[in-house]
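A short write-up of the structure that comes next.
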Amino acid sequence: MARHAVMTRQVCPLVPIKPSDSPNLLVSAEFVWREGGILELSYGFRSRSETGLDDVQLPPTALTPQRCDELWTNTCLEAFLAQPGQENYWELNVSPSGDWNLYAFNGYRSGLQPELDVQPPTINSHVGLRDFRCDVLLNLSPWLPGVTCPELSLTTVMKHSDASFSYWAIRHAGKAADFHDRRSFVQP
């Protein structure tokens, strides 16, 4: 099968907001921006612990994945996307279960609404004893105009077996986790 030309590809380690969170866990995200506004995302967790991923709560695979709200109340993989120089941005939430949602904002944490002009993403997850991987394929057309790779932030909200949460991102702009802060977005 022929693949579209790749315009940008980057693998990024994700770091927790608190360095003491999950010291035995390695988290990474990869994005591939292709011609025509196709975005491929891949999130990975790898445990260095003897107990594997027992500390991470991964929801079971949904029989019929669907669009859902409040996915961040459990382990959730996220991508924030924006056109350079624009205030508006989008937030993609993907559950390891296969459920998803895409929200549009007209400014920092304002004007939240579901982005309706979107095709459901293709989501595939694999869970092993010590590793987890989730691949997401999302067509950004027509809701994200332009032919250039957007500014983005790849993040993870992780729920642990003790019901605590840790917050992972390419970079954190402040002392508290705030994935909406555009200072944490990168321009690939």
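What follows is calculated from the coordinates using simple rules that are stated; it is not laboratory data. Because the structure is predicted, anything quoted here is derived from the model rather than measured. Quick reminder, even Gly has a Cβ in these numbers, built from the backbone with ideal geometry, and neighbours come from all protein chains shown.
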Calculated from backbone phi, Karplus (6.51, -1.76, 1.60) coupling profile of the stretch 21-26 in Hz, x at Gly/Pro: 6, 6, x, 8, 10, 10
Separation of alpha-carbon centers, the stretch 7-41 and the stretch 84-103, rounded to whole Å: 15 Å
Gain upon complete extension [T64, K175; 0.36 nm per residue less C-alpha separation]: 36.2 nm
Using θ = phi - 60° and Karplus 6.51 cos²θ - 1.76 cosθ + 1.60, couplings along the stretch 164-171 (whole Hz; Gly, Pro as x): 7, 10, 10, 10, 10, 7, 4, 7
HN-Hα J in Hz across the stretch 82-92 - Karplus 6.51, -1.76, 1.60, θ = phi - 60°, x for Gly and Pro: 7, 7, x, x, 10, 7, 6, 7, 10, 10, 9
Of the GluC sites (Glu not before Pro) in the stretch 3-54, those whose Cβ has at most 16 other Cβ within 10 Å and which sit in DSSP loop: E35, E50
Under 15 Å, Cβ to Cβ, from Y89 - net charge with Lys/Arg +1 and Asp/Glu -1: -4
Electrostatic dipole magnitude of the chain [Cβ: Lys, Arg +1; Asp, Glu -1; Cα centre; debye, to 20]: 440 debye
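FRET efficiency for T73 and E30, Cβ-Cβ distance as r, R0 = 30 Å, nearest 0.05?
The pair T73/E30 has a calculated efficiency of 0.75.
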Selection of trypsin sites (Lys or Arg not before Pro), the stretch 133-185, meeting DSSP coil and at most 10 other Cβ within 10 Å: K175
